[in-house]
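The values are calculated or read from the model by the stated rules, or taken from the named source; none is laboratory data. Source: prediction; values computed, not measured. Using ideal geometry, Cβ is built from the backbone for each residue, glycine included, and neighbour counts are taken over all protein chains shown. The accessibility values were calculated without ligands, DNA or RNA, using every heavy atom of the protein model including side chains. Shrake-Rupley method; radii C 1.70, N 1.55, O 1.52, S 1.80 Å.
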Amino acid sequence: LAADSSLRFVFDSKEFPMRRKCIKPYEEITKKPNFIVIVLETFRALNMKSFNPAARFNATPFIDSLITGGKSAYWTKYKASGAPTVFAMMSLHTSLLPHSKEIISVNTTTVNMDSFPSILRKNGYFAKFFTSTDPDWDNQRFWLRKWYDEIYFDPANNEKDRVVFRKAAEEI
């Protein structure tokens, strides 16, 4: 955010509220920002003070402090999909809305789909995925291998998020 105080993009259409317009060409950016995407399983933005100031309690004080600390940019216009988890994973990575009958991650493996990490990789970034849950569920690893340079999953962590967050912080 500090490298782009102009916030590069504006949302210029009430009819298409998720359409954004670039107001500053990429060539004008001198320093590449870091991208860290945190996904919380079975959790809603409605439960976060940063997205919902009326929330009864602050369920994510640390993540909220990252969002509101002045050095981060965060996406306030989004569409999330529900169960099963893999629908949301595919939507998050590709912007595709869930299919009404098919499980995209399983039934479209011959299709090449761009994702935000694959686009970042094409532009010189290194993309690593950290997870505390086995990415073999619902064929997620298949897609993660296509999109990321590296995947971190250690079953010895017993799905303890804090251990994975600490591992990610070490590497970052």
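Quick one: in region 147-162, which of the residues that are modelled with pLDDT of 90 or more and open to solvent by 60 Å² or more (accessible area, probe 1.4 Å) is farthest from SER91 (Cα to Cα)?
If we take residues in region 147-162 being modelled with pLDDT of 90 or more and open to solvent by 60 Å² or more (accessible area, probe 1.4 Å), then ALA156 is farthest from SER91 (Cα to Cα).
Looking at LYS146, is it part of a helix (DSSP H, G or I) and within 23 Å of ILE104 (Cβ to Cβ)? Walk me through it before giving the result.
Details: part of a helix (DSSP H, G or I): yes; within 23 Å of ILE104 (Cβ to Cβ): yes.
Against the criterion (part of a helix (DSSP H, G or I) and within 23 Å of ILE104 (Cβ to Cβ)), LYS146 qualifies.
Can you tell me how many residues within region 36-67 are within 21 Å of PHE87 (Cα to Cα), touching a helix residue (DSSP H, G or I) at 6+ places or on another chain (Cβ under 9 Å) and open to solvent by 90 Å² or more (accessible area, probe 1.4 Å)?
Here the count works out to 4.
Does LYS71 fit the bill of being among the charged types (D, E, K, R), under 22 Å from GLU171 (Cβ atoms), surrounded by fewer than 12 Cβ atoms within 10 Å (Cβ to Cβ) and in contact (Cβ under 8 Å) with a residue 12 or more places away in the chain?
Yes.
Would you confirm, using the coordinates I've provided, whether ASP12 is modelled with pLDDT of 65 or more, acidic (Asp, Glu) and in a helix (DSSP H, G or I)?
The answer is no for ASP12.
Are there any helices (runs of 4 or more DSSP H) wholly within region 68-122 with 2 or more residues that are modelled with pLDDT under 80 and under 23 Å from MET48 (Cα atoms), and if so which? Walk me through how you get there before you give the answer.
Numbers: elements: 85-94, 104-107, 116-122.
Passing ranges, in order: 85-94.
Within the bounds of region 33-40, is there any residue that is over 23 Å from PHE153 (Cα atoms) and modelled with pLDDT under 85?
Yes, there is a match, as at least one residue in region 33-40 is over 23 Å from PHE153 (Cα atoms) and modelled with pLDDT under 85.
For the structure I just gave you, tell me whether PHE165 is among the aromatic types (Phe, Trp, Tyr), open to solvent by 80 Å² or more (accessible area, probe 1.4 Å) and part of a helix (DSSP H, G or I).
Criteria met by PHE165.
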